[in-house]
Amino acid sequence: MRQLLAGKTAPILIVLLAIGLFWYAAAIWMNAPWQQTLNQRAGLENVSAIDFVAQTWAQDKPLLPAPHQVAGEIWNATVGTDIASKRSLAYHAGITLSATLLGFALGTLLGVGLAVMIVHNDASERSLMPWIIASQTIPILAIAPMVVVGLGAVGVTGLLPKALISMYLSFFPVVVGMVKGLRTPEAIQLDLMHTYSATPWQVFAKLRWPAAVPFLFASMKVGIAISLIGAVVGELSNNAGGGLGVRLLTGSYNGQTIQIWAALFIAAGLAALLVIAVGGAERLVNRAMGARP
Amino acid sequence: MTELAPPSPDAMAVVRAQNLGLTFPTNDGDVIALSDVNLTINKGEFVSFIGPSGCGKTTFLRTIADLEQPTSGTLTVNGTTPSDARLNRAYGYVFQAPALYPWRTIAQNVALPLEIMALTDKAERIARTLELVNLTGFENKYPWQLSGGMQQRASIARALSFDADLLLMDEPFGALDEIVRDHLNSELLKLWARTRKTIAFVTHSIPEAVYLSTKIVVMSPRPGRVTDIIESDLPAERPLDIRETPEFLRLAARVRDGLRAGHSYEE
């Protein structure tokens, strides 16, 4: 017990417990008015307080579903459903994941490419950087439908339009991080390369790139999370292709709050797994590059 | 044409500066880093440059290395321009800080110039130069696992690995404590005796300059210029306690006088 309290487990459990209690209480409070209306219509009177609380936690379309309802929905829609079925959350998560990963890969490549141009050419910094920053001031919700509908009109549908929206969001942290990272080498490290008469490519490959790797991973952790948001937003604009965004959208059309919350939690869990995966890759690369443990 | 040409006066000169000047333009007006420097460094010499900050000693070393461009006068390295000398890999440069790449092991750091110059027999060169600086056995350590003195020795190995005949050292031991510094100074002398390289060594320590050098160049600031060139008559064999001998102290006094004469206390 003492060990449990000394470690990280106990604080995490306490916070989880607090959130759970707050959530259950909020569910009673938010669902009570509608439950009273339902009970009046059904002619139910003298419902005991305990029964009433149980009713607020068991509605079909609650304003705020209770945690166990969301958990049950997640269980039924993943483990309890055939993965090839369109009712399976795992199926939709897979669609969103593939768009996320493609968009993330494209965004990282674009971001690194732009950063390399900016670092090696002053003119490109002045000409590109304002546009790169401006690109992120436009609400993605406004751009996404235009990209999806526009590309759909020329016959590009499916994964690519969603991946492009992911790319649009995820290249930005990579550009900013890598411009910083590629500029970290100190003057004497660059002078050293000059005394060897190194070519610009050698300076890049042997000095600037390895020096920037820690910045790349920091950027990619941000990038992969917003890639997922980009993919979900892309799916909101086109509900034919499936994906977690489509589940959110159909859930809100039909008032299926439990379905919305289940899709939200799956999306959040997916983002967490992706960030953890990038963090794992970072640790492996750091170890290979001799970082202080 | 069959007659033997008389040996040219430049045959022994590795570095030759004539009326060399370098002016940095700044917002507050021009800064004269070097003014009218005339100096020859001959093959096999150990030449120290000593003077207060701003006297241009580091700038002169960087000009030899083609890291700065002179604005007047001429400078030749191995009879060519500094730029050609750099392309011909005429020199190895040791900076004030070790400047080891932290993601490379010691052996990989020593291999860096070998990779860039596409030289062969890397393993043999790494082993030989690490042995010269007494770092055998540390090949697979990363820089952070080594002390400051060991890191600087690794950077010397890196400068030696491609067999340039000229070694340019810019206050390489300036950041180290006295004891480590004494040790590295005597190691450097042994290394110089073994390799017969020409060494140009920037320092602000009088004992270091006198202990190491065959020739001491005293410089002074505003504008950066050479005020005295002292040929050392100390024997080639120099144990550390040579620093208590009258000859050593006499040389040190002359260097100190030179520094005092060149330094203005008006400001």
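The values are calculated or read from the model by the stated rules, or taken from the named source; none is laboratory data. Since we're looking at a predicted model, the values are computed, not measured. Quick reminder, even Gly has a Cβ in these numbers, built from the backbone with ideal geometry, and neighbours come from all protein chains shown.
Some notes on this structure:
- Test result for residue A:82, out of contact with any strand residue (DSSP E or B) (no Cβ under 9 Å at 6 or more places or on another chain), under 28 Å from residue A:258 (Cα atoms), of a type in the set (D, E, K, R) and loosely packed, with under 14 Cβ neighbours inside 10 Å: yes
- Subset of the range B:140-185 that is of a type in the set (Lys, Arg) and farther than 22 Å from residue B:55 by Cβ - its residue that is surrounded by the fewest Cβ atoms within 10 Å (Cβ to Cβ): B:141
- From the list B:52, B:70, the lone residue that is surrounded by 15 or more Cβ atoms within 10 Å (Cβ to Cβ), assigned to a loop (DSSP other than H, G, I, E, B) and either among the polar types (S, T, N, Q) or away from every other protein chain (no Cβ under 14 Å) (or both) is B:70.
- Residue B:247 being under 27 Å from residue B:163 (Cα atoms) and either out of contact with any Ser or Thr (no Cβ under 8 Å at 6 or more places or on another chain) or surrounded by 15 or more Cβ atoms within 10 Å (Cβ to Cβ) (or both): no
- Scanning the range B:63-89 for residues that are without any contact (Cβ under 8 Å) to a residue 40 or more places away in the chain and of a type in the set (D, E, K, R) returns B:66, B:84, B:86.
Residues are listed down the side, and each one gets a yes or a no for (1) of a type in the set (A, V, I, L, M); (2) modelled with pLDDT of 90 or more:
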residue: A:5; (1), (2): yes, no
residue: A:13; (1), (2): yes, yes
residue: A:54; (1), (2): yes, yes
residue: A:79; (1), (2): yes, no
residue: A:87; (1), (2): no, no
residue: A:101; (1), (2): yes, yes
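- Check on residue B:109, within 12 Å of another protein chain (Cβ to nearest Cβ) and among the polar types (S, T, N, Q): yes
- Selection count where residues are more than 28 Å from residue A:273 (Cα to Cα), polar (S, T, N, Q) and touching a residue at least 60 places away in the same chain (Cβ under 8 Å), scope the range A:89-138: 0
- In summary, residue A:68 fulfils each of the numbered conditions (1) under 30 Å from residue A:22 (Cα atoms); (2) in contact (Cβ under 8 Å) with a residue 12 or more places away in the chain with the single exception of condition (2).
- Helices (runs of 4 or more DSSP H) contained in the range A:179-290 and holding at least 2 residues within 14 Å of chain B (Cβ to nearest Cβ) and surrounded by fewer than 19 Cβ atoms within 10 Å (Cβ to Cβ): A:187-195, A:200-203, A:209-236, A:257-288
- Counting only helices (runs of 4 or more DSSP H) that sit completely within the range A:1-82, those holding 2 or more residues that are within 26 Å of residue A:265 (Cα to Cα) and in contact with a helix residue (DSSP H, G or I) (Cβ under 6 Å, 6 or more places away or on another chain) correspond to A:9-41, A:49-56, A:67-78.
- Considering (1) within 16 Å of the chain's Cα centre (by Cα); (2) under 18 Å from residue B:93 (Cβ atoms); (3) more than 14 Å from chain A (Cβ to nearest Cβ), the lone condition that residue B:65 does not fulfil carries the number (3).
- Of residues in the range A:109-149 being of a type in the set (S, T, N, Q) and in a helix (DSSP H, G or I), the one nearest to residue A:211 (Cα to Cα): A:124
- Test: residue in the range B:138-148 that is within 10 Å of chain A (Cβ to nearest Cβ) and closer than 21 Å to residue A:196 by Cα: yes
- Residues satisfying the stated conditions in the range B:73-87, i.e. among the hydrophobic types (A, V, I, L, M, F, W, C), within 13 Å of chain A (Cβ to nearest Cβ) and either in a loop (DSSP other than H, G, I, E, B) or buried (at least 20 other Cβ atoms within 10 Å of the Cβ) (or both): B:77, B:85
- Screening residue B:187 with (1) under 30 Å from residue A:189 (Cβ atoms); (2) free of Cβ contacts under 8 Å to residues at least 24 places away in the same chain gives one miss only, at (2).
- Inter-residue pairs, beta-carbon under 6 Å, first within 9 Å of chain A (Cβ to nearest Cβ) and in the range B:90-102, second part of a loop (DSSP other than H, G, I, E, B), 6+ apart: B:91/B:164; B:92/B:164; B:93/B:65; B:96/B:171; B:96/B:174
- Candidate set from the range B:112-137 (those that are more than 13 Å from chain A (Cβ to nearest Cβ) and β-branched (Val, Ile, Thr)); member that is surrounded by the fewest Cβ atoms within 10 Å (Cβ to Cβ): B:120
- Taken residue by residue, the range B:171-181 has at least one member that is in contact with a strand residue (DSSP E or B) (Cβ under 6 Å, 6 or more places away or on another chain) and either on the phi < 0 side of the Ramachandran plot or modelled with pLDDT under 95 (or both).
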